[in-house]
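The values are calculated or read from the model by the stated rules, or taken from the named source; none is laboratory data. In this text the structure is predicted, and so the values were computed from the model without any measurement. Note: ideal-geometry Cβ built from the backbone for every residue, glycine included; neighbour counts use all protein chains shown.
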Amino acid sequence: MRFLVVNGPNLNLLGTREPEVYGSTTLSELEAGLVDWGESQGIEVECEQSNDETTIVDLIQTYDGDGIVLNPAAFSHTSRAIADAIQSVVTPVVEVHISNIRAREPWRRHSVVSETATRTIYGRGLQGYRAAVRHLANRLAVDFETVRYGPHQDNVGDLRHGGEDLVVLVHGGLWLQEHERDGTESLAVDVAKRGHDSWNLEYRRLGSGGGWPASGHDVLTALDSISRLETSAARVVLVSHSAGSQLAAWAASRSRTQIDLHIALAPILDLGATIENGDVGADQARALVEAGAPEMTSLGEIPTVIVHGDTDQVVPVQRSVRLADQLGLTHHRTGCGHFSLIDPASDEWAWAVDRMRMS
Ligand code: DHK
C-alpha cells in the first residue's frame with residue numbers, strides 16, 4: 001500500500017510556529033517519522049508540503065497511490081476548490097488537524113474540506129497522521145458497510161463480515177469527541193480476517209452531543225439492535241477499550257441481546273476511583289458522575305475478563321487488580337502499556353482472541 005501525506009500552508013513552520021498549539025516537532029522530523037513507521041508496517045508513505053492551494057488541488061487530482069492524508073491547514077476553513085478536488089477523485093482522502101479545531105476559535109470549528117473528506121481526524125497532535133494512515137490501510141484491508149443504529153450522525157458502526165461469531169467493539173478515548181472508532185478499527189479488521197463478523201461502534205461523545213446518559217444509551221441502543229444486523233453469528237462477544245469499557249459494561253448488563261463474553265482491555269469501570277485518584281480522565285469522569293452515571297459500573301451477569309498491562313500510563317493497573325479481586329474476574333496482567341492492547345500484533349490481543357474461542 002502507498003499513501004501520500006500532504007501538509008498545507010504554514011505547516012512548513014512546524015516546530016517553531018505556535019509550539020503550544022502545534023508542538024515542537026519540525027515538519028522534516030514528522031515526515032521522517034511517518035516514513036519510518038510506515039516501513040515498519042509494510043506501508044509506503046510519501047510526503048509533500050505546499051503553501052499553495054493550486055498545488056494541493058493538483059496533488060489530489062494526480063496522485064496514483066492508494067490514499068491521501070491531508071492537513072489542509074487554513075485552507076480547511078475556506079477552500080471549496082480543495083473540497084471539490086476530493087469529491088472529483090476516487091482516491092480516499094483523510095483530513096487531519098493537529099489541534100482540536102472544534103474547541104478553538106469559532107471560525108476554525110468548521111472545515112469545508114470535512115464535507116467531502118472520507119474521515120476527519122483532529123485534536124490528537126501529530127499522532128493523528130499515523131491514525132489517518134492506519135485508517136486508510138484498514139479501509140482497504142477488509143470491505144465494510146457502515147450500519148446506522150440511531151438518528152444521530154454518530155449512531156453508526158462499521159460491519160465487516162468474517163463468519164463465525166459477532167465481535168462488537170467499543171472504543172475508548174476518555175469519552176472525548178476527538179477520539180473515534182478508528183481506535184479499535186485494527187482489531188475489527190483483525191477479527192474479520194480471523195473468521196468472525198465485527199461491528200466497530202461509534203457513539204456520541206463529550207463535545208459532540210454525548211456525555212451521560214447519551215453515550216451509554218447509544219451503546220445500549222446499538223447492542224439492542226444487533227438482531228437487525230445482517231449477521232448469522234451464533235455468539236456475541238463484546239470487546240471494549242479504556243473508557244469504552246464503562247459504556248460497554250453498563251449497556252451489556254441492560255441489553256436485551258445476550259452478550260456471551262465481554263473482554264475489557266485496560267478498562268475504566270470505577271469512575272469514583274478515577275476521580276478520587278485524579279487519574280487521566282478524572283474531569284470527564286466527574287462530568288459523567290455529576291450527570292448521573294454510576295461511580296462503579298456494574299457488570300451484571302455478563303462473563304467478563306480483563307486484560308491490563310503493568311506499565312499502563314493512562315489507566316493504572318491497580319484499578320483492574322482491585323476489581324478482579326473484588327468480583328472474582330479473570331485478569332490477564334501483562335507488562336504492556338495502554339495502547340499495545342489495541343494493536344492486533346500484540347501478544348495480549350492473541351491472548352484475548354484465544355479467550356474468545358474458549359468461552
Ligand atoms: C492547522 C492550521 O494551520 C490551521 O489553520 C487550522 C490546523 C488547524 C491543525 O490543527 O493542524 O485551523
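Tell me yes or no: at least one residue of the stretch 253-261 is crowded, with 24+ Cβ neighbours inside 10 Å and assigned by TED's automatic domain parsing to the domain that holds residue 233. Looking through the stretch 253-261, none of the residues is crowded, with 24+ Cβ neighbours inside 10 Å and assigned by TED's automatic domain parsing to the domain that holds residue 233. Candidates are the residues of the stretch 162-173 that are more than 11 Å from the chain's Cα centre (by Cα) and surrounded by 18 or more Cβ atoms within 10 Å (Cβ to Cβ); the one that is farthest from residue 99 (Cα to Cα) is 165. Only one entry of 56, 68 meets the criterion of being farther than 20 Å from residue 109 by Cα and under 22 Å from the mean Cα position of the chain (by Cα), and that entry is 68.
Is it the case that some residue within the stretch 106-115 is in contact (Cβ under 8 Å) with a residue 40 or more places away in the chain, hydrophobic (A, V, I, L, M, F, W, C) and either part of a helix (DSSP H, G or I) or not assigned by TED's automatic domain parsing to the domain that holds residue 13 (or both)? Yes - at least one qualifying residue is present in the stretch 106-115.
Annotation: residue 321 fulfils all but one of (1) crowded, with 16+ Cβ neighbours inside 10 Å; (2) more than 21 Å from the chain's Cα centre (by Cα); (3) without any contact (Cβ under 8 Å) to a residue 40 or more places away in the chain; the unmet one is (1). Here residue 351 fulfils each of the conditions (1) more than 20 Å from the chain's Cα centre (by Cα); (2) crowded, with 18+ Cβ neighbours inside 10 Å; (3) aromatic (Phe, Trp, Tyr) apart from (2).
Identify the residue in the stretch 57-81 that is more than 13 Å from the ligand (Cβ to nearest atom) and part of a helix (DSSP H, G or I) and, among all such residues, is surrounded by the most Cβ atoms within 10 Å (Cβ to Cβ). Let's see the steps before the verdict.
Let us first name the residues in the stretch 57-81 that are more than 13 Å from the ligand (Cβ to nearest atom), namely 57-68, 80-81.
Subsequent filtering for residues that are part of a helix (DSSP H, G or I) retains 57-62, 80-81.
Details: 57: 19, 58: 13, 59: 17, 60: 22, 61: 12, 62: 9, 80: 12, 81: 14.
Of everything passing the filter in the stretch 57-81, 60 is surrounded by the most Cβ atoms within 10 Å (Cβ to Cβ).
Checked against (1) surrounded by fewer than 17 Cβ atoms within 10 Å (Cβ to Cβ); (2) under 22 Å from the mean Cα position of the chain (by Cα), residue 13 passes all but condition (2).
Residue 167 - would you say it is among the aliphatic types (A, V, I, L, M), in the same structural domain as residue 123 (by TED's automatic domain parsing), in contact (Cβ under 8 Å) with a residue 12 or more places away in the chain and in contact with a strand residue (DSSP E or B) (Cβ under 8 Å, 6 or more places away or on another chain)? Let's see the steps before the verdict.
Details: among the aliphatic types (A, V, I, L, M): yes; in the same structural domain as residue 123 (by TED's automatic domain parsing): no; in contact (Cβ under 8 Å) with a residue 12 or more places away in the chain: yes; in contact with a strand residue (DSSP E or B) (Cβ under 8 Å, 6 or more places away or on another chain): yes.
Judged against the criteria, residue 167 is not a match.
If you go through the stretch 86-113 and keep only what is within 17 Å of residue 68 (Cβ to Cβ) and surrounded by fewer than 18 Cβ atoms within 10 Å (Cβ to Cβ), you end up with 87, 88, 89, 90. Selection of the stretch 94-120 for residues being in contact with a helix residue (DSSP H, G or I) (Cβ under 6 Å, 6 or more places away or on another chain), more than 10 Å from the ligand (Cβ to nearest atom) and of a type in the set (S, T, N, Q) yields 116, 120.
Within the stretch 4-39, if we keep just the residues that are farther than 18 Å from residue 67 by Cα and of a type in the set (S, T, N, Q), the residue that is nearest to the ligand (Cβ to nearest atom) turns out to be 10.
Working carefully through the options 73, 81, find the one that is over 17 Å from residue 135 (Cβ atoms), modelled with pLDDT of 95 or more and more than 26 Å from the chain's Cα centre (by Cα). Exactly one residue qualifies, and that residue is 81.
Among residues belonging to the stretch 319-346 that are among the hydrophobic types (A, V, I, L, M, F, W, C) and outside any helix (DSSP H, G or I), point out the one that is nearest to residue 305 (Cα to Cα).
Taking the stretch 319-346 and keeping what is among the hydrophobic types (A, V, I, L, M, F, W, C), we get 321, 323-324, 327, 329, 336, 339, 341-342, 345.
Now drop any that are not outside any helix (DSSP H, G or I), which leaves 329, 336, 339, 345.
On the way: 329: 6, 336: 17, 339: 18, 345: 20 Å.
For the stretch 319-346, the residue satisfying everything is 329.
Among the residues of the stretch 187-197, are any touching a Gly at 6+ places or on another chain (Cβ under 6 Å), surrounded by fewer than 22 Cβ atoms within 10 Å (Cβ to Cβ) and over 28 Å from residue 101 (Cβ atoms)? Working first, answer last.
Quick first cut of the stretch 187-197, residues touching a Gly at 6+ places or on another chain (Cβ under 6 Å) only: 192, 195-197.
Next cut, surrounded by fewer than 22 Cβ atoms within 10 Å (Cβ to Cβ) only: 195.
Going one step further and asking which of them are over 28 Å from residue 101 (Cβ atoms), we end up with 195.
Checking the stretch 187-197: at least one residue is touching a Gly at 6+ places or on another chain (Cβ under 6 Å), surrounded by fewer than 22 Cβ atoms within 10 Å (Cβ to Cβ) and over 28 Å from residue 101 (Cβ atoms).
Within the stretch 154-165, work out how many residues are within 18 Å of residue 247 (Cβ to Cβ) and not acidic (Asp, Glu). Quick ask: steps written out before the conclusion?
Step one: list which residues in the stretch 154-165 are within 18 Å of residue 247 (Cβ to Cβ), which gives 154-158.
Next, from what is left, pick out any that are not acidic (Asp, Glu): 155-157.
Summing the residues that are within 18 Å of residue 247 (Cβ to Cβ) and not acidic (Asp, Glu) in the stretch 154-165 gives 3.
Considered as a group, the residues in the stretch 339-359 that are in contact (Cβ under 8 Å) with a residue 40 or more places away in the chain and in contact with a strand residue (DSSP E or B) (Cβ under 7 Å, 6 or more places away or on another chain) include one that is farthest from residue 278 (Cα to Cα), and that residue is 359.
Just need a number here: residues in the stretch 224-255 that are aliphatic (A, V, I, L, M) and under 19 Å from residue 162 (Cα atoms). Summing the residues that are aliphatic (A, V, I, L, M) and under 19 Å from residue 162 (Cα atoms) in the stretch 224-255 gives 8. Taking the listed residues 281, 309, the one that is surrounded by 21 or more Cβ atoms within 10 Å (Cβ to Cβ) and on the phi > 0 side of the Ramachandran plot is 281, with no other qualifying. A Cβ distance below 7 Å, combined with a sequence gap of six or more or placement on separate chains, defines the contacts here; from the stretch 258-277, residues that are closer than 14 Å to residue 320 by Cα reach residues that are among the charged types (D, E, K, R) in the pairs 263/355; 266/312; 270/319; 271/295; 272/295; 273/319.
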